[in-house]
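Notes follow the structure.
The values are calculated or read from the model by the stated rules, or taken from the named source; none is laboratory data. Just so it is clear, the structure is predicted and the values come from calculations on it, not from any experiment. We place every Cβ from the backbone using ideal geometry, glycine too, and count neighbours over all the protein chains shown.
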Amino acid sequence: SVVVVEERKDSEILEEEMALEEEIGEEKEEEEKEKVITVDGNLQAGDTLYESLIKEGISAAEILSLQEKVKSVVDFNYLPVGSEYSLKYNPEGKVTEFIYKPNPIDIYCIDIPTSDSEDLKVTKEEVCTEVVRLEGKIEYSLYESMLECADSPQLALQLADIFAWQIDFLTECREGDTFNILVEKQYRGDFYRWGKILAARYEGEFLSEHTAILFEDPAGYIDYYTEGGKSLRKAFLRAPLNYKYISSYFSKNRL
């Protein structure tokens with residue numbers, strides 16, 4: 001009788017394991033159904049969006065259907081090279097969202113209805129800009145100092161480019177030099193990126209003081225000028241602009 005009891009327990013355990021495996025299988029199947037498929041890409045030179053989507057394996061019928069639905073917002077034939085896009089499919093295989101980014105600033109999100117009775121919902125993610133003042137002191141290099149105050153190598157390159165006709169950052173940058181800039185800080189919800197430097201001042205004992213102000217003339221030409229209205233651009237650069245010039249550490253051997 002003891003053996004029979006043990007066999008019954010083994011049978012019950014086996015049934016429980018089988019039931020658990022079946023339940024897990026059903027959950028996995030349900031998860032697969034709920035998965036949203038996303039196709040991302042960007043427009044290459046010589047391609048239209050239609051051709052780019054064909055390369056992604058999307059059928060011509062699907063593309064033409066999408067093109068018809070969003071034609072009031074997006075012209076598939078005239079998107080600029082480099083435009084980024086994303087398609088989202090629901091579990092039934094229908095496109096529910098089309099996101100495209102024609103340039104580094106603009107992002108359009110288009111919710112595509114599953115029925116013809118509903119309208120497209122188009123949302124453009126706005127970029128908000130504020131002007132902030134940053135200042136720093138050179139300890140090792142312009143690159144290191146800009147990383148410390150703004151966490152941005154791009155701003156260091158931008159500042160070096162502005163003063164490329166006045167300062168050779170390889171040989172003339174000194175420990176203790178200071179810089180101040182007014183710069184656009186852009187947000188898309190959270191911080192997005194740094195924009196243009198609107199005004200800048202670089203000062204050092206060896207270099208004296210250099211000032212730059214961004215100005216647009218009546219003809220629409222934008223460039224940097226001194227406080228006296230003279231262009232910063234001259235016939236010759238102080239030194240060819242190179243990443244290593246702004247990232248080179250200060251050395252007393254240059255004195």
Task: Exclusive hit being acidic (Asp, Glu) and under 30 Å from Asn180 (Cβ atoms), set Glu92, Glu130 - done: Glu130
Task: Test set (1) part of a loop (DSSP other than H, G, I, E, B); (2) at pLDDT below 80; (3) on the phi < 0 side of the Ramachandran plot - Gly93 fails condition number - done: (3)
Open item on the list: Suppose the filter is under 30 Å from Asp106 (Cα atoms) and touching a helix residue (DSSP H, G or I) at 6+ places or on another chain (Cβ under 8 Å); does Ile197 pass it?
Closed with: yes
Task: Evaluation of Phe76 against (1) surrounded by 14 or more Cβ atoms within 10 Å (Cβ to Cβ); (2) assigned to a loop (DSSP other than H, G, I, E, B); (3) touching a strand residue (DSSP E or B) at 6+ places or on another chain (Cβ under 8 Å) (one fails), failing number - done: (3)
- [ ] Please specify each residue of the range 127-160 satisfying the condition of being among the charged types (D, E, K, R) and in contact with a Leu (Cβ under 6 Å, 6 or more places away or on another chain).
- [x] Arg133
Open item on the list: Going residue by residue through the range 198-207, is there one that turns out to be modelled with pLDDT of 85 or more and either of a type in the set (Val, Ile, Thr) or exposed (fewer than 10 other Cβ atoms within 10 Å of the Cβ) (or both)?
Closed with: no
- [ ] Confirm whether Ile99 is surrounded by 13 or more Cβ atoms within 10 Å (Cβ to Cβ) and either out of contact with any helix residue (DSSP H, G or I) (no Cβ under 8 Å at 6 or more places or on another chain) or basic (Lys, Arg) (or both).
- [x] yes
- [ ] Filter the range 114-173 down to residues that are of a type in the set (D, E, K, R), part of a strand (DSSP E or B) and modelled with pLDDT of 85 or more and give me whichever is nearest to the chain's Cα centre (by Cα).
- [x] Glu130
TODO: Scan the range 112-132 for residues that are surrounded by 12 or more Cβ atoms within 10 Å (Cβ to Cβ) and under 16 Å from Glu68 (Cβ atoms) and report the count.
DONE: 4
Task: So Lys185, is it surrounded by 14 or more Cβ atoms within 10 Å (Cβ to Cβ), within 26 Å of Glu84 (Cβ to Cβ), among the charged types (D, E, K, R) and outside the structural domain of Ala45 (by TED's automatic domain parsing) - done: yes
